[in-house]
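J.: The structure under discussion is supplied below as structure tokens; questions concerning it will follow.
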Amino acid sequence: MEGVRQALDRLRIEVEKGASRRKEADARSKKLLATLKERDNELESLHERLDLTRRILTLLKQCDEIRCAIRVNSDNIALASEKADRISERLSRVERERDTLQERYHKIELASKALEAQLDDLMA
């Protein structure tokens with residue numbers, strides 16, 4: 001009977017050790033699950049950051065394209081402004097020449113009328 005009791009005690013000890021190891025394994029499992037959940041959260045956060053980074057890169061590329069277009073347009077505006085200045089200078093010169101020619105025409109017309117008047121006087 002003593003042998004049975006010892007066998008039962010050994011079995012009880014083994015059962016207690018098994019239960020203890022099971023509790024330890026459950027605790028490790030919970031800890032690993034918590035760590036896994038943290039890693040999943042970190043991974044999700046990294047994916048969000050990656051998406052945001054991609055969006056930022058896309059926006060930066062578009063911004064560079066817009067800056068380039070603005071630079072080209074600014075250059076075109078500067079060229080158009082220079083051309084407008086040259087045309088304005090030419091227009092001013094042409095207007096001055098027109099005014100000079102009008103004055104000459106007016107003087108010639110007066111001289112012509114004066115000569116016609118003299119001719120009429122001589123003919124009369």
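J.: Given the DSSP H assignment, sum -39500 (n - 2.57) over each helix run of at least 4 residues in the chain and divide by its residue total; what's the result at 222 nm in deg cm²/dmol, nearest 500?
T.: Estimated from H runs of four or more residues: -38000 deg cm²/dmol.
J.: Output the direction-averaged projected area (hull surface divided by four) of the convex hull of the alpha-carbon atoms of the range 66-124, in nm².
T.: 4.4
J.: Okay, moving on. How far is helix 2-123 tilted, in degrees, relative to the longest principal axis of the Cα atoms in the chain, given as a value from 0 to 90 rounded to the nearest 10?
T.: Result, in degrees: 0.
J.: Follow-up. Straight-line reach from Lys30: which aspartates and glutamates have a Cα under 16 Å away, not including same-chain ones fewer than 8 places off?
T.: Excluding near neighbours in sequence, the set is Glu38, Asp40.
J.: Positive end of the dipole of the chain, charges at C-beta (+1 Lys, Arg; -1 Asp, Glu), about the Cα centre: which of Ile87, Ala124, Ala27 has its Cα farthest in that direction?
T.: Highest projection toward the positive end goes to Ala27.
J.: When the Kirkwood hydrodynamic radius is evaluated over all pairs of different C-alpha atoms of the chain, what value in angstrom, to one decimal, is obtained?
T.: Taking every pair of different Cα atoms in the chain, averaging 1/r and inverting gives 26.1 Å.
J.: Three principal axis extents, largest first, for the C-alpha atoms of the range 1-55, in Å?
T.: Projected onto its principal axes, the Cα set of the range 1-55 covers 79, 9, 5 Å.
J.: Ser112 versus Asp40, label points 7 Å from Cα toward the beta carbon: distance in nm?
T.: 10.4
J.: Using only the Cα atoms of the range 35-108, what semi-axes does the equivalent ellipsoid have when each is the square root of 5 times a gyration tensor eigenvalue? Give whole Å, largest first.
T.: 70, 6, 4
J.: Percent of accessible area on the chain owned by carbon and sulfur, 1.4 Å probe?
T.: Within the chain, the accessible surface is 58 percent carbon and sulfur.
The values are calculated or read from the model by the stated rules, or taken from the named source; none is laboratory data. This is a predicted model, so every value here is computed, not measured. As a convention, Cβ positions derive from the backbone with ideal geometry for all residues, glycine included, and neighbour counts pool all protein chains shown. Side chains included, ligands, DNA and RNA excluded: accessible areas come from the protein's heavy atoms. Shrake-Rupley method; radii C 1.70, N 1.55, O 1.52, S 1.80 Å.
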